[in-house]
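These notes are about the structure you will find just below.
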Amino acid sequence: MKQSLEIFNRLVDELLADEAKSPVAEYVPTPDLYTRLDLKLQKEGISAVELEHALKDLVFTTPRTGTNAFFNQLFGGRQDKAILGDLLAVILNNSMATYKAAGPQTGVEKTVLREICNMIGWDENSDGTLAPGGSMTNFMGMLMARDAFNETTRYKGVHQKMTVYTSMESHYSTPKNAAFAGIGRDNVRKIATDTKGRMDMAALRAAIEADIAEGLHPILINCTAGTTVLAAFDNLEEASAIAKEFDLWLHVDGAYCGSVLFSNQYKHLIKGVENVDSFTVNAHKMLGTPLSCSLIVVKDKKHLHTSFSNDASYLYQTDHDEFNLGKTSIQCGRRNDALKLWVLWKSVGTNGIAQIVEKEFELADTGRNYVRNHPDYTDYSIDDTVAVCFNYKGIPATEICTLLYQHSKLLVGYGSFREDQFIRLVTINATNENEDILQFFKTLESFVAENENLFSKTA
Ligand SMILES: *Cc1c(COP(=O)(O)O)cnc(C)c1O
């Protein structure tokens, strides 16, 4: 064990030193992958020295998601206290299914979930769990909606034509999950959005009414707090009025930006969240914990038991079962994803977490201001969020993003809204400073200036 930890420490030291000089890893094209790197498994083992050598090569060519040049996905950076927590989770290697196997770690998970429920404004009747990612916690929300609509479904299977409502800008896990849940992708209604990417509530109501008139069974409205491209927030107050009127489950997919809950300055973006039925948030996005740390909380915990416990109903549970977290999870063996968030939270406090969130909004303001004040840029962003959407000199976003990647300059992605396609700079790494955002634009500009011949056209 000691030797492996020494290798680990050396590799990390070397990586961090190299990242400071080269924030983007060497680009390895897929045709070269198996020749550039020794990934082969062989019959005989190798020495520790050879192993360390192979590992170093692998570590050094792996995309660097922790640096100030990674803006590609909805995560990035390193919150070191969260990393400490996750490393401990690996060493301890508990399964969160039972108190017997997880002991005090059960209390860690329950404390994190309780605090989040409290912040929403829910009472002791609320609870939650963790699953490996927002797609899975959203799936749990959908299953609870399905079973709340008809409790016999979990025994008899889906035998009614159920429908689900989500915006055109929502995450693709909703149609996937509808397929898994037996509801069917074709029964997901993609509701139009307004010019700022928020679900159009009049269109939502009309779609529900049309389905009811057809004899279908609407079960769930899925709102998004932070849509994938624009990072827009659906209006939860209006959605919950509609959910109440038609007696539907209201789930909030806050995988991306649900962490605004922590900030007094920005929690107005999810105003009315206390009236929803379930709420998903990924700490591995805005809060910067390692992947994955996805939580779902539910206003009435009986639904967790109805949908996920295999035997006795909620009513028969003993006190002790409150600490057997496997009763309400989708997995059997389950890694301890709560610990990384708990260690970060314990270390910086709720105020420190709020500062992480607020820093990301500040970085986005810096980015948007830059784009809006420089005539070579076209701005597609909305205000009050953590994504900066733009094009530069009319160059297709796909071209810029791909070339920056292939030349190991920056990792950034593109997205589209309605007929526009643009670069999407996500300011979700709170360890960045405003200068890092300005440096992003400088790197992009000098790359374009030095490589004009690579682009199909520049203005
Ligand atoms: C990232 C994201 C998801 C999926 O979460 P994973 O942890 O990647 O599975 C779902 N919804 C939204 C809005 C997201 O941004």
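A few remarks follow.
A quick yes/no check of all residues on (1) among the basic types (K, R); (2) on the phi < 0 side of the Ramachandran plot:
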{"residue": "L5", "(1), (2)": "no, yes"}
{"residue": "A17", "(1), (2)": "no, yes"}
{"residue": "L39", "(1), (2)": "no, yes"}
{"residue": "E52", "(1), (2)": "no, yes"}
{"residue": "K56", "(1), (2)": "yes, yes"}
{"residue": "P63", "(1), (2)": "no, yes"}
{"residue": "G77", "(1), (2)": "no, no"}
{"residue": "G85", "(1), (2)": "no, yes"}
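- Only one entry of L438, L403, L454, L425 meets the criterion of being buried (at least 20 other Cβ atoms within 10 Å of the Cβ), hydrophobic (A, V, I, L, M, F, W, C) and outside the structural domain of G226 (by TED's automatic domain parsing), and that entry is L425.
- The test for being under 24 Å from A231 (Cβ atoms) and either under 19 Å from the mean Cα position of the chain (by Cα) or crowded, with 16+ Cβ neighbours inside 10 Å (or both) does not hold for N94.
- Residue check, R372 touching a residue at least 60 places away in the same chain (Cβ under 8 Å) and either within 16 Å of the ligand (Cβ to nearest atom) or surrounded by fewer than 24 Cβ atoms within 10 Å (Cβ to Cβ) (or both): no
- Boolean, N336 is more than 15 Å from the ligand (Cβ to nearest atom), closer than 21 Å to E124 by Cβ and in contact (Cβ under 8 Å) with a residue 40 or more places away in the chain: no
- Verdict on K100 being over 22 Å from T289 (Cα atoms), of a type in the set (D, E, K, R) and part of a helix (DSSP H, G or I): yes
- Criterion violated by F323 - all others in (1) surrounded by fewer than 20 Cβ atoms within 10 Å (Cβ to Cβ); (2) touching a Phe, Trp or Tyr at 6+ places or on another chain (Cβ under 6 Å); (3) more than 21 Å from A89 (Cα to Cα) satisfied: (3)
- Some residue of region 193-206 being touching an Asp or Glu at 6+ places or on another chain (Cβ under 7 Å) and farther than 30 Å from F71 by Cα: yes
- Residue check, S381 under 29 Å from C293 (Cα atoms), outside the structural domain of T98 (by TED's automatic domain parsing) and part of a loop (DSSP other than H, G, I, E, B): yes
- Evaluation of M136 against the conditions (1) within 16 Å of the ligand (Cβ to nearest atom); (2) closer than 30 Å to L438 by Cβ shows that the sole unmet condition is (2).
The values are calculated or read from the model by the stated rules, or taken from the named source; none is laboratory data. In this text the structure is predicted, and so the values were computed from the model without any measurement. Reconstructed Cβ throughout: ideal geometry from the backbone, glycine too, with neighbour counts over all protein chains shown.
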